[in-house]
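Here's the structure, in structure tokens; my notes come after.
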Amino acid sequence: MGRHSKLQRQVLSLYRSFLRAGKGKPGFLPQIRAEFRQNAQIPRTEVLLVEYLLRRGQRQLEQLQNTHTKQMGAFVKTREEGDR
């Protein structure tokens, strides 16, 4: 693969920042890696979605870098009655 686009470089930079910020906090690194792997499946043509997730990730990174952050919450989609 050749050069990365500006958006790809921003995502990779965000990923590295997350890894550095989560290094000293137990249990954060596996969750960070899993989230990025899951979102890696998004097609490159979904630029708006990638930009939205990038902005959301930047806000989450600020929270993670806060010295008072001790744990990370996650939203999990549950099955509803009609989905069964």
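Within the stretch 38-59, can you find the residues that are in contact (Cβ under 8 Å) with a residue 40 or more places away in the chain and not acidic (Asp, Glu)? Quick ask: steps written out before the conclusion?
So in the stretch 38-59, the residues in contact (Cβ under 8 Å) with a residue 40 or more places away in the chain come out as 47, 50-51, 54, 57-58.
Of everything in the stretch 38-59, those that are in contact (Cβ under 8 Å) with a residue 40 or more places away in the chain and not acidic (Asp, Glu) turn out to be Val47, Val50, Leu54, Gly57, Gln58.
Among the residues of the stretch 24-65, count how many are among the β-branched types (Val, Ile, Thr), surrounded by fewer than 13 Cβ atoms within 10 Å (Cβ to Cβ) and part of a helix (DSSP H, G or I). The number of residues fulfilling the criteria is 1.
For the stretch 1-23, a residue qualifies if it is more than 13 Å from the chain's Cα centre (by Cα) and open to solvent by 70 Å² or more (accessible area, probe 1.4 Å), and the qualifying residues are Met1, Arg3, His4, Lys6, Arg9, Arg20, Lys23. With respect to the conditions (1) part of a helix (DSSP H, G or I); (2) free of Cβ contacts under 8 Å to residues at least 40 places away in the same chain; (3) not hydrophobic (A, V, I, L, M, F, W, C), Gly2 falls short on a single one, namely (1).
The values are calculated or read from the model by the stated rules, or taken from the named source; none is laboratory data. Values in this document were obtained by computation on a predicted structure and should not be read as measured data. Methodologically, a virtual Cβ is constructed for each residue, glycine included, from the backbone with ideal geometry; neighbour enumeration extends over all protein chains shown. Side chains are part of the model used for accessible areas, which takes the heavy atoms of the whole protein and leaves out ligands, DNA and RNA. Shrake-Rupley method; radii C 1.70, N 1.55, O 1.52, S 1.80 Å.
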